[in-house]
Amino acid sequence: NNTSTNPDPKHLFSSVGFYFVKLTVWIGGVEGTVTHLVRISPKPTVDLGNDTTFCSGDTLLLDAGTDAETYLWQSGDTTHTFPADTTGLYYVKATNGTCYISDTVDVTVLPSYFLPIDTVFCAGDSIFAGGEYRKTTGIYYDSLLNYIGCDSVIRTNLQVNDTFYIPTQMGICFG
């Protein structure tokens with residue numbers, strides 16, 4: 001049973017639940033009483049983790065937990081998880097009753113690269129493509145990790161031209 005003569009009384013509830021709160025006011029010797037049922041909700045917890053970086057083509061599933069009644073993401077989605085697949089700042093607000101908490105995470109999606117190379121060389125020569133030395137016309141693929149650790153693809157289109165022998169000395173006759 002808490003009482004106060006403070007003009008702005010406050011009470012700290014020790015646990016969640018429903019409580020009857022009674023306000024009694026004396027004005028000019030006349031007593032006025034109001035009773036309300038109040039709900040004390042637990043404050044939800046949310047931890048989207050540290051800012052993160054990953055390669056394009058991957059998706060990070062952000063999870064706000066399951067102890068809140070409602071969720072609101074920066075996109076307007078209302079589920080407790082959200083797929084992050086593009087660079088940006090992701091935000092969620094988790095709410096229980098009138099209690100809420102929010103968290104943000106900065107996601108950076110690094111690019112993968114596709115590099116087409118067209119190469120022409122003469123028969124008898126070779127070029128390293130598709131994991132080995134090549135001497136024939138064709139399309140060959142290499143998959144490499146680029147400097148930021150993401151897969152990149154190099155497509156080499158090889159064209160092998162025939163070689164011709166042209167004598168260095170020729171004689172032409174008139175007549």
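Within region 49-70, the set of residues being without any contact (Cβ under 8 Å) to a residue 24 or more places away in the chain and touching a strand residue (DSSP E or B) at 6+ places or on another chain (Cβ under 6 Å) comprises Leu61, Asp63. So Val46 ticks every box in (1) free of Cβ contacts under 8 Å to residues at least 40 places away in the same chain; (2) farther than 15 Å from Gly97 by Cβ; (3) assigned to a loop (DSSP other than H, G, I, E, B) but one. Which box is left unticked? Every listed condition holds for Val46 apart from (1). The set of residues from region 83-106 being within 29 Å of Ile40 (Cβ to Cβ) and without any contact (Cβ under 8 Å) to a residue 24 or more places away in the chain comprises Tyr91, Lys93. Asn2 versus (1) within 30 Å of Tyr147 (Cα to Cα); (2) of a type outside the set (A, V, I, L, M); (3) in contact with a His (Cβ under 8 Å, 6 or more places away or on another chain): which is the lone unmet condition? Exception for Asn2: condition (1). The sole residue among Asp67, Asp77 that is part of a loop (DSSP other than H, G, I, E, B), modelled with pLDDT of 90 or more and more than 20 Å from the chain's Cα centre (by Cα) is Asp67. Of everything in region 154-175 that is open to solvent by less than 100 Å² (accessible area, probe 1.4 Å) and at pLDDT below 85, the residue that is farthest from Ser56 (Cα to Cα) is Gly171.
When residues in region 29-38 are screened for being open to solvent by less than 80 Å² (accessible area, probe 1.4 Å), free of Cβ contacts under 8 Å to residues at least 12 places away in the same chain and of a type outside the set (S, T, N, Q), 2 of them pass. Screening the candidates Phe114, Phe82 for the property of being under 28 Å from the mean Cα position of the chain (by Cα) and at pLDDT below 95 yields one hit, Phe114. Taking region 126-152 on its own, how many of its residues are surrounded by 11 or more Cβ atoms within 10 Å (Cβ to Cβ), modelled with pLDDT of 85 or more, in a strand (DSSP E or B) and not small (Gly, Ala, Ser)? Number of matching residues: 7. Of all residues in region 84-123 being of a type in the set (Gly, Ala, Ser) and under 30 Å from Tyr147 (Cβ atoms), which is surrounded by the most Cβ atoms within 10 Å (Cβ to Cβ)? Among residues in region 84-123 that are of a type in the set (Gly, Ala, Ser) and under 30 Å from Tyr147 (Cβ atoms), the one surrounded by the most Cβ atoms within 10 Å (Cβ to Cβ) is Ala84.
The set of residues from region 54-81 being closer than 27 Å to Ser152 by Cα and surrounded by 14 or more Cβ atoms within 10 Å (Cβ to Cβ) comprises Phe54, Cys55, Ser56, Leu60, Leu62.
The values are calculated or read from the model by the stated rules, or taken from the named source; none is laboratory data. Owing to the predicted nature of the structure, the values given are computational and were not obtained by experimental measurement. Counting neighbours? That spans all protein chains shown, and the Cβs are built from the backbone with ideal geometry, glycine included. Each accessible area value is taken on the protein alone, full model and side chains, heavy atoms only, with ligands, DNA and RNA left out. Shrake-Rupley method; radii C 1.70, N 1.55, O 1.52, S 1.80 Å.
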